[in-house]
Amino acid sequence: MVVMFPYWATSQYGVATASGEGPTKTAESAWTQTQWGPLSPADRDLLVLVRQAGLCAGPSGQQAQQQGATVALRTVAQRVWVDYGDLGNQARSVAGRLSVPLPDQPDAQQQSWMRDLSGRSGPDFDRMFAQGLRVTDGDVLPAIISVRAGTRNELIRSFAANAAVLLNRQMEYLEHTGLVDYSR
């Protein structure tokens with residue numbers, strides 16, 4: 001069984017298996033032995049993916065604390081900002097221990113979304129914030145769960161378990177705003 005997400009398919013590391021059989025032939029050279037167990041390409045990609053999400057969600061949460069039209073959204077934004085700050089600290093710590101380089105700014109698509117969000121106000125801002133972050137969390141969560149289930153690295157497994165709890169909580173916060181369009 002090969003587990004592959006669109007992000008991983010474009011990764012510099014190739015695709016790793018989650019079946020416990022080891023790396024695929026194309027990713028074999030990208031596996032690294034660490035004191036916490038083998039580090040796979042998917043493990044590295046997870047750290048990058050979570051960090052990238054936080055580089056967008058954290059600052060957006062901070063912005064929404066100021067620009068949110070309702071107290072409820074500003075409260076959720078505060079939680080998003082704090083939680084993604086904590087998750088970012090965890091990602092940087094784990095990546096540092098495993099020598100995995102992480103990005104230091106949102107990608108071009110995230111920057112575009114953040115610019116678009118900045119141009120909004122009132123209920124339109126609130127809807128875009130809640131929907132955008134819920135979609136992001138919904139895209140990242142399956143990757144976290146997959147890596148959590150398939151990794152052989154204890155440090156990554158612990159990080160993924162913490163990240164899954166945080167993102168599930170974030171999704172609940174965002175859903176309780178009443179601004180999420182479930183059809184998207």
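Starting from the stretch 155-173, take each residue that is free of Cβ contacts under 8 Å to residues at least 60 places away in the same chain and open to solvent by 10 Å² or more (accessible area, probe 1.4 Å) and list its partners that are in a helix (DSSP H, G or I) and among the hydrophobic types (A, V, I, L, M, F, W, C), counting only C-beta distances under 7 angstrom and pairs at least six apart or across chains.
Here the result reads ALA164/LEU141; ALA164/ILE144; ALA164/ILE145, each pair linking the stretch 155-173 to a residue that is in a helix (DSSP H, G or I) and among the hydrophobic types (A, V, I, L, M, F, W, C).
Would you call ALA91 under 14 Å from CYS56 (Cβ atoms) and open to solvent by 60 Å² or more (accessible area, probe 1.4 Å)?
Against the criterion (under 14 Å from CYS56 (Cβ atoms) and open to solvent by 60 Å² or more (accessible area, probe 1.4 Å)), ALA91 does not qualify.
Of all residues in the stretch 94-117 being part of a loop (DSSP other than H, G, I, E, B) and out of contact with any Leu (no Cβ under 7 Å at 6 or more places or on another chain), which is surrounded by the fewest Cβ atoms within 10 Å (Cβ to Cβ)?
ASP104
Being open to solvent by 10 Å² or more (accessible area, probe 1.4 Å) and in a helix (DSSP H, G or I) is the filter here; which residues of the stretch 37-55 pass it?
ALA42, ARG44, VAL48, LEU49, ARG51, GLN52, GLY54, LEU55, listed by residue number.
Kindly indicate whether any position in the stretch 118-141 is charged (D, E, K, R), over 22 Å from SER60 (Cβ atoms) and either in contact with a strand residue (DSSP E or B) (Cβ under 9 Å, 6 or more places away or on another chain) or buried (at least 22 other Cβ atoms within 10 Å of the Cβ) (or both).
No.
Could you say which residue among SER121, SER99, SER93, SER60 is closer than 20 Å to MET171 by Cα and over 12 Å from the mean Cα position of the chain (by Cα)? I'd like the intermediate steps shown before the answer.
Values: SER121 fails: closer than 20 Å to MET171 by Cα; SER99 fails: closer than 20 Å to MET171 by Cα; SER93 fails: closer than 20 Å to MET171 by Cα.
Selected residue: SER60, the only one of SER121, SER99, SER93, SER60 that is closer than 20 Å to MET171 by Cα and over 12 Å from the mean Cα position of the chain (by Cα).
The values are calculated or read from the model by the stated rules, or taken from the named source; none is laboratory data. Keep in mind it's a predicted model, so treat the numbers as computed, not measured. Reconstructed Cβ throughout: ideal geometry from the backbone, glycine too, with neighbour counts over all protein chains shown. For the accessible areas, the whole protein counts, side chains as well, though only heavy atoms, and no ligand, DNA or RNA atoms are used. Shrake-Rupley method; radii C 1.70, N 1.55, O 1.52, S 1.80 Å.
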